[in-house]
Amino acid sequence: MQVFKVYFKVMRGSAVPLVINLGIFLGIAILFSAVAPKVSVANFEATKTPIAVVNRDGNTELVQSFINYLGRSYRLVSYPDNEESLQDALFYRDVEYIAIIPPGFSDAFISDKDPVIKKITVPDSVSSHYVDMHIDKFFNTVRLHSLYGKAESKTKMIAAAIADLDIDTQVTMRTSGKPDSLNEPYSHYYAYCAYALLAMIITGISSVMITFNELNLHMRNLCAPLSKRNIGLQLAIGHSIFALGCWGILMLGSFILYGRDLFPSGLIPLYAFNTLTFAVVSAGIGFLIGGFVRNSSAQAGAINVIALGMSFLGGVFVPQQVMGEPVLSVAKFLPSYWFIKANNAISGLSAFTPDILGSIYHMILIQAAFAGVIFVITLLLSDRKTGLLSHCR
Amino acid sequence: MFWHVFLYRFKCLFRDKETVFWTLIFPILLATLFYLAFGHLTIEKEKFNPIVAAVVNNGAYQGNIPFKRMMESLSEEGDSQVLTLILTNKEEAEALLKEGAVSGVITVSDTIGLTVKESGINQSILKAILDDYGQTAKVITSILSENPEAAAFFFEELGNQRNYTEQASFSGAAPETNVAYFYALIAMACMYSAFWGLRNIIDIQPDLSATGARRSLAPTHKIKVILADGLAALSISFAEIVILLVFLRLVLGISFGDCFRFILLTCFIGCIAGVSFGNFIGTVIRGNESLKNGILIGASMAMSFLAGLMWVDMKNIVSSKAPVLSYINPAALISDAFYSLYIFDTHKRFFINIALLCVISTVMYAVSFTRLRGEKYASI
């Protein structure tokens, strides 16, 4: 087992990039799962659009009640009346609606002059429509009361209008019985595993392959009393153990970070199967790159291009739902697309019915097929190369 | 002599395929991936489209004329269409809801109810519409009970709903959040100019490379060599950034605002900051080339991360939670300069960014120069 032993000696040389990749992955996974919004699904909750109200009209009764009314339906974020910071806030969607109440608004309103509130929003956006509805409703109701109501004072008139607005339509939630876990942190973790598996496994396997494929070393190995088949087999065992090890570390990471939510979900075997298949795909790609690439700088380039490219196009970093249709139809030719699709299906699994499970296995099988094709291509190409080498001799 | 050194340095750097890959091809590739993954348009995705809802077509719905009228007017085709209604029976409606074809199911009985599958903005709007109906009914009862004579004019006024909002904007630029990813990407590319700066330092210091040792023996004045090298690095990196910019603008269609000369100025100052950062790392960090390279990659990635490359909100979070960090991070300053050009009509914030970048670059150049100047070698 000399080759096998040497395998891990060579691997030690790539320890630093491997650890860096693992570190980056864990950092990203923890950060993103910390910021991912957790949607509660038991009861209906109306969207609390973040809005900023800039009041240039002073503390009149009307304006105060209006702001209080908005505060019941939306999340009021207070911002100073400063153009630059308001623009920043809208650009980064800290607020989705800026309502500027102009000076003299209340007086104009009371004297039925139809003043307007200046809104600064993403033009024609959903949230802009949503907030408009409430603003118009509030002022129209107050107007009706001021025109036809018989309230003794302005305070009572506004109070009567607000009382009329106090309606809460009954909303029933139809859930599938199990909360949708697409937003569970572990679902994100497993999705990012695609990047980590690609980066780590390709780095490790291709580094070893580059060393073994070095022309002089390769020729020396061919003189050795070990058969080519034997060397190949030992290398293959090395590749498999290394890929399994990477996969094992990532699985262990998920148990440590999310074990409490993950174990009761019963989804571990499915996630494990999916990530393991993708690890095999990554090993295939590592094998292919190792056969092509000659030096470490070209290797670094290739790894980055492939790992980032596959992750972005497959929907690892940006959810597939957000991506455009034409891109997705091209992405179907990438194993990462099927990995993420399977991952989403597992996360959204509502019941372990044969047809849902069947579709998940189908997606995993497609990845396995990719792995098979990649291995076959690599072997065919490497056979051609050895042929050339024997020609040289 | 100066131009001679410059020309050969330029050729040397230009033929360094590996660095050309990382400083030019890699950013272009990453930009393409960004573009394919999430596009550059934020607004298109937030656009309001009529909400598809199912209404259970029962006797109660057909009997509730005012509600039916309201639903019909909201689903009238045109610019102000809010709903797309599907009239169907209860089972069908539930099935549509289950498969996600409708956002909600409206059921009229004694009361009006909404059934949804998830909480979201479309569902919230549906609820607001139903609330609106209930509120109007309540207004009618409360006003008419107080003032029955008003009935004659009241209903006419009720149909005459007014709009109390008016769209305004601070500047002509649309708040397309995703363009910030591409600004952060240019910032990253500028910081990658540091690879050229670092190569220059390695090729001029006798203890770091054979080339450095040979060049130190040459009778050319060192300051001339340093300046010529620096100019060569700057020319290459500026050319690369301009290529990237042209690619982003013309191929991907990313908007940068209209101030063309200021955009170029930002690129130029960004390259200076990048190259000076490479010089700084090369002279201040003691160790071999791979260590310096590692630190350079790590530092530029960290700076780009804080400038919003991986997560666009990061830049805003840093500037609100730890403003100092965004004033000393060249990548954040570069991407903020682009952002300011894009979104603001005034250039105050832009020039603050540029001024800070100049200060940071000057400090880094000064430190590296004093380090280089004082070098004496007992043995190499």
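Brief remarks on what is shown
- All positions within region B:141-157 that are within 7 Å of another protein chain (Cβ to nearest Cβ) and closer than 19 Å to A:K137 by Cβ: B:S142, B:I143, B:F154, B:E157
- Which listed residue is away from chain A (no Cβ under 14 Å), open to solvent by less than 80 Å² (accessible area, probe 1.4 Å), touching a residue at least 24 places away in the same chain (Cβ under 8 Å) and in contact with a helix residue (DSSP H, G or I) (Cβ under 8 Å, 6 or more places away or on another chain), from B:L74, B:L85: B:L85
- Only a single item in (1) in contact with a helix residue (DSSP H, G or I) (Cβ under 9 Å, 6 or more places away or on another chain); (2) at the interface with chain A (Cβ under 7 Å from one of its Cβ atoms); (3) not in a loop (DSSP other than H, G, I, E, B) is not met by B:G134, and it is number (1).
- Residues in region B:107-131 that are more than 7 Å from every other protein chain (Cβ to nearest Cβ) and more than 21 Å from B:K45 (Cβ to Cβ) were compared, and the one that is surrounded by the fewest Cβ atoms within 10 Å (Cβ to Cβ) is B:D110.
- Entry remark, region A:55-108: residues being assigned to a loop (DSSP other than H, G, I, E, B) and on the phi < 0 side of the Ramachandran plot number 17 in total.
- Given (1) without any contact (Cβ under 8 Å) to a residue 40 or more places away in the chain; (2) in contact with a helix residue (DSSP H, G or I) (Cβ under 9 Å, 6 or more places away or on another chain), number of the condition B:P330 does not satisfy: (1)
- Within region A:140-179, being acidic (D, E) and at the interface with chain B (Cβ under 10 Å from one of its Cβ atoms) holds for A:D164, A:D166, A:D168.
- Which listed residue is surrounded by 14 or more Cβ atoms within 10 Å (Cβ to Cβ), out of contact with any strand residue (DSSP E or B) (no Cβ under 8 Å at 6 or more places or on another chain) and either closer than 27 Å to A:L90 by Cβ or at pLDDT 90 or above (or both), from B:A322, B:A331: B:A331
- Out of B:L252, B:L248, B:L264, B:L231, one residue alone is open to solvent by 40 Å² or more (accessible area, probe 1.4 Å) and farther than 22 Å from B:L13 by Cα. It is B:L264.
- Residue in region A:112-120 that is touching a Lys or Arg at 6+ places or on another chain (Cβ under 7 Å) and either within 8 Å of chain B (Cβ to nearest Cβ) or open to solvent by less than 60 Å² (accessible area, probe 1.4 Å) (or both) present: yes
- A:F278 open to solvent by less than 20 Å² (accessible area, probe 1.4 Å) and within 30 Å of A:Y337 (Cα to Cα): yes
- Of the helices (runs of 4 or more DSSP H) lying entirely inside region B:1-110, those carrying at least 2 residues that are within 34 Å of the chain's Cα centre (by Cα) are B:2-14, B:17-20, B:26-38, B:43-46.
- Within region B:298-332, tally of residues that are of a type in the set (V, I, T) and in contact with a Phe, Trp or Tyr (Cβ under 9 Å, 6 or more places away or on another chain): 2
- Selection status of B:S103, farther than 30 Å from B:E46 by Cβ, among the hydroxyl-bearing types (S, T, Y), assigned by TED's automatic domain parsing to the domain that holds B:A54 and out of contact with any Ser or Thr (no Cβ under 7 Å at 6 or more places or on another chain): no
- Hey, B:T19 facing chain A (nearest Cβ under 8 Å) and of a type outside the set (A, V, I, L, M, F, W, C) or not: no
- When region A:59-111 is limited to residues that are of a type in the set (A, V, I, L, M), touching a residue at least 40 places away in the same chain (Cβ under 8 Å) and away from chain B (no Cβ under 11 Å), the one that is most open to solvent (accessible area, probe 1.4 Å) turns out to be A:I110.
- Any hit, region A:203-222, residues being among the charged types (D, E, K, R), at pLDDT below 90, surrounded by fewer than 18 Cβ atoms within 10 Å (Cβ to Cβ) and under 30 Å from A:S347 (Cα atoms): no
- Among residues of region A:288-325, those that are among the aromatic types (F, W, Y), part of a helix (DSSP H, G or I) and open to solvent by 40 Å² or more (accessible area, probe 1.4 Å), counted: 1
The values are calculated or read from the model by the stated rules, or taken from the named source; none is laboratory data. This structure is a prediction, so every number in the text was calculated from the model and none was measured. As a convention, Cβ positions derive from the backbone with ideal geometry for all residues, glycine included, and neighbour counts pool all protein chains shown. What goes into the accessible areas is simple: the full protein's heavy atoms, side chains included, and nothing from ligands, DNA or RNA. Shrake-Rupley method; radii C 1.70, N 1.55, O 1.52, S 1.80 Å.
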